[in-house]
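*Asks:* Sending over a structure as structure tokens; questions will come in a sec.
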Amino acid sequence: MELSNHPVQLSKILNFLVVNILLVFEQYNYFELNKEQEDIKRAAREFAESEIPKFAKSCDENEEFPWELWKKVCKNGFVGVFIDEKYGGAGYGYFENALIWEEFHRVDPGCGFATLGTTIGAETLQLNGTEEQKESYLVPLPKGEAIMAIMITEPHAGSDVAGIKTTAVKEGGYWVINGTKTFSTNGSIADYAIVLCRTEDEGERHRRFSTIIVDLKSEGITRTKLRGKIGMRASDTAEIHFDNVHVPGENLMGVRGKGFYHIMDFFNRSRTWVAAQAVGAAQGALELAVSYAKERRVFGEPLSRFQAIQFKVAEIATKIEAARCLTYKAASAIDKGKIIPELSAMAKWYAARVAVEVVDECLQMHGGYGYFSDYDISRFYRDVKVLEIYEGTKEIEKWLIGRRILGVKR
């Protein structure tokens, strides 16, 4: 019996399949936004579309931090939303935080990172700091009264965090810091920073370090803004030199010798907002390409009518959605108290990879025009590459994922 000859029976079967497919999707739809989350996402999108374009191009061309925009972002409550309410934040989770990062980067990755990244390091301070430290250093951040940094990387120690050489020696009631940090986000504009230092000469390799909160206006600190970045030029990056910098003993964050683990606490959380950066940038690039494809005419037809373009858009949209789901899952897990390093690493690695691939294809769809700065896609193209580098290179992410799955300890 052929179903095509029995339309009623075929209709019943199709209805049955549709209902069951919908039930399956409903069962696994973990990331349906509630009303408050929808409002947060909508507000972030409306603000980003209205305000960020006023600053994006000029800040990129001049390598300038968008001070005026940052103040507006703080005033509208988008900075440090993961910070607890008693420390001045909105008290939301990393999921809501990811929604905001995504919407800002959909409009412009450079200004998105520059403004929202002014709390960088607050993730681990909120976990490991004393109440006095949290009151002093977290409270000013959402208000736009201070900018924070976290200083880990050194000229000869990047991916190998335990290879850093900056020292902090206890002398009386002070820590005396000597060394150099580089590629520090907010380094030349931040008011204070969490600095990873070597405090022990012996013992287990990963227990020789401590994190210390440093007032960056202290005597003995030299800050040099690094220029000439390919992208993310609105975000400040600097090299910091410490020459016998005296820091009060009470500025030690958490337990002495646990600094390496404090940094891992940070990475396990920060990788979710890097993943959100990537999802947002990829989505923004797709929207630019779709708009261009509808307007551009080739051989007398809109570019969007060509099957090659339709296939590209289908593949791009699918990759973005997969990256978004993985990002949301990683952020949501943290909010549920499930710290899964390999999941955060998966989200960061995959979303960043997708962003680089997607933006490349979207620029290709623009043809020669995409190669010029008059078109925003050229800026996206330059901005997204760093997503595969900071907060752990793509090689480090895959190394971490593989070791965790295989149970390799060393």
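The values are calculated or read from the model by the stated rules, or taken from the named source; none is laboratory data. Quick caveat: nothing in here was measured; it's all calculated off a predicted structure. Here the Cβ positions follow ideal geometry from the backbone for every residue, glycine too, while neighbour counts run over all protein chains shown. Side chains included, ligands, DNA and RNA excluded: accessible areas come from the protein's heavy atoms. Shrake-Rupley method; radii C 1.70, N 1.55, O 1.52, S 1.80 Å.
*Asks:* If the label point is 7 Å along Cα→Cβ of Leu127, which residues in segment 175-203 have backbone nitrogen under 17 Å from it?
*Replies:* Of the residues in segment 175-203, 194-197 have backbone N under 17 Å from the label point off Leu127.
*Asks:* Please list Glu395, Glu103 in order of solvent-accessible area, largest first, computed with a 1.4 Å probe with all protein chains present.
*Replies:* Details: Glu395 110, Glu103 0 Å².
Heavy-atom accessible area, descending, gives Glu395, Glu103.
*Asks:* Here's something else I'd like to know. Within the P(r) computed for segment 208-251, what percentage of the Cα pairs occupies the region above 17 Å?
*Replies:* Numbers: 456 of 946 pairs.
I get 48 percent for the Cα pairs in segment 208-251 exceeding 17 Å.
*Asks:* Follow-up question, since we're still on this one. Average projected area of the Cα convex hull of the chain, in nm²?
*Replies:* Numbers: hull surface 99.7 nm².
The directionally averaged projection comes out at 24.9 nm².
*Asks:* Would you mind getting the accessible area per residue of segment 41-172, heavy atoms of the protein chains only, 1.4 Å probe, in Å²? Don't jump to the answer; show the numbers that get you there.
*Replies:* Numbers: 4960 Å² over 132 residues.
Accessible surface, normalised per residue, equals 38 Å².
*Asks:* May I ask for the Rg/Rh ratio of segment 178-298, computed from Cα atoms with Rh as the Kirkwood radius, given to two decimals?
*Replies:* Numbers: Rg = 19.8 Å, Rh = 17.2 Å.
Rg/Rh: 1.15.
*Asks:* Summarise the accessible area of the chain (1.4 Å probe, protein heavy atoms) by the percent that is carbon and sulfur. Don't jump to the answer; show the numbers that get you there.
*Replies:* On the way: 10510 of 19740 Å².
On the chain, the fraction of accessible area on carbon and sulfur atoms equals 53 percent.
*Asks:* Rolling a 1.4 angstrom probe over the protein chains, ignoring ligands and nucleic acids, what is the accessible area of Tyr381 in square angstrom, nearest 10?
*Replies:* So the heavy atoms of Tyr381 present about 110 Å² to solvent.
*Asks:* Let me ask something else. Using a 1.4 angstrom probe on the protein heavy atoms only, could you order Ile396, Ile150 from most to least accessible area? Let's see the in-between values first.
*Replies:* Numbers: Ile396 40, Ile150 15 Å².
Putting Ile396, Ile150 in descending order of accessible area: Ile396, Ile150.
*Asks:* Further, regarding this structure: Heavy-atom accessible area of Leu127 with all protein chains present, probe 1.4 Å, nearest 10 Å²?
*Replies:* 90
*Asks:* Can you list, bin by bin at 10 Å, the percent of alpha carbon pairs in segment 181-221, starting at 0?
*Replies:* For segment 181-221, the pair-distance distribution reads 25, 46, 24, 4.
*Asks:* Between Ile230 and Glu145, with labels modelled 7 Å along Cα→Cβ, what's the label distance in nm to one decimal, could you check?
*Replies:* Computed distance between label sites Ile230 and Glu145 equals 4.0 nm.
*Asks:* Still on this structure, I have one more. Roughly how many nanometres apart are two label points built 7 Å out from the Cα toward the Cβ at Asn178 and Arg297?
*Replies:* Rounded to a tenth, the inter-label distance reads 7.2 nm.
*Asks:* GNM on the chain, C-alpha springs below 10 Å: top fluctuator among Lys258, Lys143, Lys338?
*Replies:* Lys338
*Asks:* Which trypsin sites (Lys or Arg not before Pro) does segment 176-237 hold that lie in a coil by DSSP with at most 10 other beta carbons within 10 Å? The partial results should precede the final answer.
*Replies:* On the way: sites: Lys181, Arg198, Arg205, Arg207, Arg208, Lys217, Arg223, Lys225, Arg227, Lys229, Arg233; in loops: Arg208, Lys217, Arg227, Lys229, Arg233.
In loop regions of segment 176-237 (DSSP not H, G, I, E or B), the sparsely surrounded trypsin sites (Lys or Arg not before Pro) are Lys217, Arg227.
*Asks:* On to the next question. Once each part is reduced to its C-alpha centroid, what is the distance from segment 139-165 to segment 194-224 in angstrom?
*Replies:* One Cα centre to the other: 10 Å.
*Asks:* Quote the charge dipole size of the chain about the Cα centre in Debye, to the nearest 20; the model charges only the Cβ of Lys and Arg (+1) and of Asp and Glu (-1). All intermediate terms of the calculation are to be shown ahead of the outcome.
*Replies:* Details: 52 positive and 57 negative charges, 167 e Å.
My answer is approximately 800 debye.
*Asks:* If Ile194, Ile221 are ordered by their accessible area, calculated over protein heavy atoms with a 1.4 Å probe, which sequence runs from highest to lowest? Don't skip to the end; give the middle numbers.
*Replies:* On the way: Ile194 0, Ile221 30 Å².
My answer, sorted largest first, is Ile221, Ile194.
*Asks:* Determine ³J(HN,Hα), in whole Hz, for all residues of segment 198-205 in sequence, where each value follows from phi through the Karplus function 6.51 cos²θ - 1.76 cosθ + 1.60 and θ = phi - 60°; x replaces Gly and Pro.
*Replies:* 7, 10, 10, 8, 10, x, 3, 3
*Asks:* Let me ask another. Among Ile377, Ile230, Ile152, which one moves the most in a GNM of the chain with springs linking Cα atoms closer than 10 Å?
*Replies:* Ile230
*Asks:* Follow-up question, since we're still on this one. What number does segment 40-157 give for Rg over Rh if you use C-alpha atoms and the Kirkwood radius? If you can, show how the numbers build up before the last one.
*Replies:* On the way: Rg = 14.4 Å, Rh = 14.7 Å.
The Rg/Rh ratio comes out at 0.98.
*Asks:* Among the aspartates and glutamates, select those whose C-alpha is under 15 Å from the C-alpha of Lys41, and discard any that sit fewer than 8 residues away in the same chain.
*Replies:* In chain and number order, the partners are Glu32, Glu49, Glu96, Glu102, Glu103.
*Asks:* Pairwise over distinct Cα atoms, reciprocal of the mean inverse distance: report the Kirkwood radius of segment 261-410 in Å, one decimal place. Working shown, then result.
*Replies:* Working: mean 1/r = 0.0614 Å⁻¹.
Taking every pair of different Cα atoms in segment 261-410, averaging 1/r and inverting gives 16.3 Å.
*Asks:* What lysines does Lys394 reach when the alpha-carbon gap must be under 22 Å and sequence neighbours fewer than 8 apart in one chain are set aside?
*Replies:* Partners found: Lys181, Lys229, Lys319, Lys329, Lys348, Lys385, Lys409.
*Asks:* How far is it, in nm, from the label point at Ile405 to the one at Gln307 when both lie 7 Å from their Cα along the line to the Cβ?
*Replies:* If labels sit at Ile405 and Gln307, their model points lie 3.5 nm apart.
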